[in-house]
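Worksheet: the structure to be examined is printed underneath.
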Amino acid sequence: MSNQTDIPHFNPMFRLQWEQAQDCYVLLFPEGMVKLNGAAGEIMKLVNGKNSIEKITELLLKQFPDGQGINDDVNEFLIVAAEKKWLYYEQ
Amino acid sequence: MNSDNDKKLGPPLWLLAELTYDCPLHCPYCSNPTDLGDFSDELTTEQWCKVLTEARAMGAVQLGFSGGEPLLRKDLDQLVKHGRDLGFYTNLITSGIGLTEKRIAKLKQAGLDHIQISFQGADPEINDAIAGRGKAFEQKFKMAKSVKAQGYPMVLNFVLSKQNIDQIEAVMELSCQLKADYVELATAQYYGWAYTNRDHLLPSQEQLVEAERQVNQFRDRQQGKGPQFIFVTPDYYETRPKACMNGWASTFLTIAPDGSALPCHSAKMLPLKFPNVKDKSVNDIWLQDFSFNRFRGDSWMPQPCQSCDEKEKDFGGCRCQAFMMTGDMDKTDPVCSKSPDHHLITKAIAQALNPQGKIVQRVNQRKIVEADIARIKL
Ligand code: SF4
Ligand code: SF4
C-alpha cells in the first residue's frame with residue numbers, strides 16, 4: 001500500500017474530461033479513450049500534483065459524507081491508475 | 001433497416017478527417033485510392049468546421065487529421081483550433097514532411113493534443129527508398145525529436161513490409177531513442193496502392209514469426225519502461241478476420257477530402273453510393289443513410305457467417321477485402337478459414353514468395369512510376 005502522504009501527479013500525456021454523450025468522465029490519449037466510473041472520475045479530478053492521498057480521501061469524504069471505507073477504494077484505484085500510467089509519483 | 005439495428009447505435013466516436021489526398025511522399029503501401037481524382041473538389045474550411053461541429057454534437061470525441069499529408073492544408077491550424085475548442089482530442093497523423101519546429105509550436109498553441117509520425121524504415125537508406133523521397137528520414141527524425149521536446153505525446157508508426165521487417169530490432173531501438181510513447185509496428189494493410197503491390201510487400205510467414213519473436217524479446221527487456229509497442233500482423237496469416245472497424249459504421253466515420261462520408265477509409269471502392277457532407281448533415285448520414293445501414297447488424301450476412309457463433313466477434317470481417325478478392329462485398333472475408341474463398345488467401349501468400357512484375361510507387365498525378373525499392377537487394 002502507498003504512503004498516505006505521497007502526492008500523485010496527473011500524467012500530462014492524458015486529458016481528463018467530462019463527456020456528456022457518455023455521461024461520465026473519460027481519459028483521452030492518442031487515438032484512445034477510457035471511461036471512468038463515478039468514483040474513479042471524482043478521484044482523478046483531485047489528482048493535481050498538490051493533494052496527497054490523505055487529502056484526496058479527506059476531500060472525497062467531505063463531498064460524499066456517507067462514503068465509509070472510501071479510503072480503501074481510493075488506495076485501490078490509485079494503484080491501478082499508477083500501473084496504467086494515468087498518474088505518477090515523484091521519486 | 002435491419003432488425004438487429006434496434007440495439008442502441010452509439011455516436012461515431014472516432015472522426016477521421018482526410019484533409020487532402022495530396023502528399024509529398026510516394027509510399028507503395030499507401031492505402032489511399034489509386035484513382036486519386038483531382039484536388040479541386042476538396043472541402044473548404046467552413047465545410048470542415050461544420051462537419052466537426054456536427055460530429056461533436058453527436059458525441060464524437062477523437063478527431064484525426066490525416067490524408068495524404070494534412071500539413072499541406074493551409075488551414076490546418078484553424079481546423080485544429082476549432083476541433084479542440086469543441087472538446088475533441090485532436091490527433092495529427094503525418095509523414096513529418098512539411099513540419100518545422102515553428103509549425104509544431106503553432107499547432108500546440110492551436111490546441112493540438114498529439115502527433116503521429118510515420119516512418120518507412122529504421123535508417124535513411126531504406127526509409128527514403130520506400131518513401132520515394134531523399135532526406136525524408138532525416139526530416140522525420142528531427143521532427144520527432146522536436147515533437148517530444150515540445151511536450152506532445154507521440155506515436156510512431158512503422159509500416160512493415162518484406163523490405164524492412166528484418167530491421168525490426170533497429171526500429172525498436174530508434175523508437176526508444178526518439179522517446180516515443182506508443183509505437184505501431186504495423187504490416188501494411190492491403191488496400192489501395194498496397195493491394196496493387198501486395199506480392200512485393202507481404203512478408204513471409206518466417207519473417208513474421210521471427211519479427212514477433214524479436215518484439216517479444218525486446219518487450220521483456222523493457223521492464224515496463226519506454227515506448228509501448230503494438231505489433232500488428234497482416235490478417236492473411238490468420239484463420240479469422242479482423243473485426244473490421246469495430247463493426248461497420250459502429251464507431252468510425254471517415255470524411256474523404258471531397259466530403260464523401262465513409263464507414264472506413266477504403267470503403268469508397270465498394271459498389272455503394274456514399275453520401276456527402278456537402279448535401280447532408282453528419283447526423284442524417286450516420287443515423288439514416290442506406291450505405292451506413294447496409295452492413296450494420298447481421299441480417300445481411302451470408303453463410304457460413306449467418307449461422308456462425310463467432311459473428312459477434314468479427315462481424316464477418318472486412319467488406320472491402322471480400323469485395324477486392326471475390327468481387328462480392330456481401331461475402332465472408334476470405335481470411336476466415338471457414339470461407340469458401342479462403343484459397344484466394346493461400347494463393348496470395350504463395351504468389352508473394354515469388355512476385356512477378358514491378359512494384360509501383362504511389363503518384364500524386366495520374367502517371368505511375370516504377371519504384372526504387374524494387375532495386376533494394378533483399
Ligand atoms: S502512405 Fe505514404 S504516400 Fe500514402 S499518404 Fe501516407 S505518407 Fe503519403
Ligand atoms: S464464418 Fe464469418 S462470422 Fe464465423 S468466424 Fe468466419 S468470418 Fe467470422
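The values are calculated or read from the model by the stated rules, or taken from the named source; none is laboratory data. All figures in this text were calculated on a predicted structure; none of them were measured in a lab. No Cβ is skipped: glycine too gets one built from the backbone with ideal geometry, and neighbour counts run over all protein chains shown. Surface accessibility is based on the protein's heavy atoms, side chains included, excluding ligands, DNA and RNA. Shrake-Rupley method; radii C 1.70, N 1.55, O 1.52, S 1.80 Å.
Here are a few things to note about the model shown:
- Of the residues making up the range A:10-28, those that are more than 8 Å from chain B (Cβ to nearest Cβ) and surrounded by 14 or more Cβ atoms within 10 Å (Cβ to Cβ) are A:Phe10, A:Asn11, A:Phe14, A:Leu16, A:Cys24, A:Tyr25, A:Leu27.
- Within the range B:336-353, considering residues that are open to solvent by less than 50 Å² (accessible area, probe 1.4 Å) and outside any helix (DSSP H, G or I), the one modelled with the lowest pLDDT: B:Asp341
- Selection of the range B:72-86 for residues being within 14 Å of chain A (Cβ to nearest Cβ), open to solvent by 10 Å² or more (accessible area, probe 1.4 Å) and not aliphatic (A, V, I, L, M) yields B:Arg84, B:Asp85.
- Yes/no for B:Gln47 being open to solvent by 10 Å² or more (accessible area, probe 1.4 Å), more than 16 Å from ligand 2 (Cβ to nearest atom), closer than 29 Å to B:Ala131 by Cα and assigned to a helix (DSSP H, G or I): no
- Cβ pairs under 9 Å, 6+ apart, first in the range B:147-165 and at positive phi and open to solvent by less than 20 Å² (accessible area, probe 1.4 Å), second away from ligand 1 (no atom under 14 Å from the Cβ) and modelled with pLDDT under 95: none
Results for (1) open to solvent by 20 Å² or more (accessible area, probe 1.4 Å); (2) in contact with a strand residue (DSSP E or B) (Cβ under 7 Å, 6 or more places away or on another chain); (3) more than 9 Å from ligand 2 (Cβ to nearest atom), shown as yes or no for each residue.
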site: B:Val282; (1), (2), (3): no, no, yes
site: B:Trp286; (1), (2), (3): no, yes, yes
site: B:Ser291; (1), (2), (3): no, no, yes
site: B:Arg296; (1), (2), (3): no, no, yes
site: B:Ser299; (1), (2), (3): yes, no, yes
site: B:Cys308; (1), (2), (3): yes, no, no
site: B:Cys318; (1), (2), (3): no, no, yes
site: B:Ala322; (1), (2), (3): no, no, yes
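- Per this entry, B:Val335 is not counted among residues that are over 19 Å from B:Ser204 (Cα atoms), touching a residue at least 40 places away in the same chain (Cβ under 8 Å) and β-branched (Val, Ile, Thr).
- Of all residues in the range B:13-30 being aromatic (Phe, Trp, Tyr) and out of contact with any Pro (no Cβ under 9 Å at 6 or more places or on another chain), the one that is nearest to ligand 1 (Cβ to nearest atom): B:Tyr29
- Residues that are within 28 Å of B:Asp85 (Cβ to Cβ) number at least 3 in the following helices (runs of 4 or more DSSP H) confined to the range A:2-91: A:38-46.
- Condition broken by B:Glu184, with the remaining ones in (1) at pLDDT below 95; (2) assigned to a strand (DSSP E or B); (3) in contact with a helix residue (DSSP H, G or I) (Cβ under 9 Å, 6 or more places away or on another chain) satisfied: (3)
- You will find that of A:Val47, A:Val74, the residue that is in contact with a Pro (Cβ under 7 Å, 6 or more places away or on another chain) and open to solvent by less than 20 Å² (accessible area, probe 1.4 Å) is A:Val47 and no other.
- Matching entry among B:Ala180, B:Ala188, B:Ala256 (being in contact with a strand residue (DSSP E or B) (Cβ under 6 Å, 6 or more places away or on another chain), crowded, with 23+ Cβ neighbours inside 10 Å and within 14 Å of another protein chain (Cβ to nearest Cβ)): B:Ala180
- Of all residues in the range B:224-252 being within 14 Å of another protein chain (Cβ to nearest Cβ) and closer than 25 Å to B:Thr34 by Cβ, the one that is nearest to ligand 2 (Cβ to nearest atom): B:Met245
- Note on the range B:23-44: among residues that are out of contact with any strand residue (DSSP E or B) (no Cβ under 7 Å at 6 or more places or on another chain) and open to solvent by 40 Å² or more (accessible area, probe 1.4 Å), the one that is nearest to B:Tyr190 (Cα to Cα) is B:Thr34.
- For the range B:251-299, taking the residues that are part of a loop (DSSP other than H, G, I, E, B) and small (Gly, Ala, Ser), the one that is nearest to B:Leu16 (Cα to Cα) is identified as B:Ala256.
- Matching residues, the range A:29-56, being of a type in the set (Gly, Ala, Ser), away from chain B (no Cβ under 14 Å) and in contact with a strand residue (DSSP E or B) (Cβ under 9 Å, 6 or more places away or on another chain): A:Gly38, A:Ala40, A:Gly41, A:Gly49, A:Ser52
- Filter result (crowded, with 22+ Cβ neighbours inside 10 Å and part of a loop (DSSP other than H, G, I, E, B)) within the range B:235-249: B:Pro241, B:Trp248, B:Ala249
- Any hit, the range B:192-199, residues being open to solvent by 30 Å² or more (accessible area, probe 1.4 Å) and within 19 Å of the chain's Cα centre (by Cα): yes
- Options B:Ile97, B:Ile115, B:Ile93: the member that is open to solvent by 10 Å² or more (accessible area, probe 1.4 Å), β-branched (Val, Ile, Thr), within 14 Å of chain A (Cβ to nearest Cβ) and touching a residue at least 12 places away in the same chain (Cβ under 8 Å): B:Ile93
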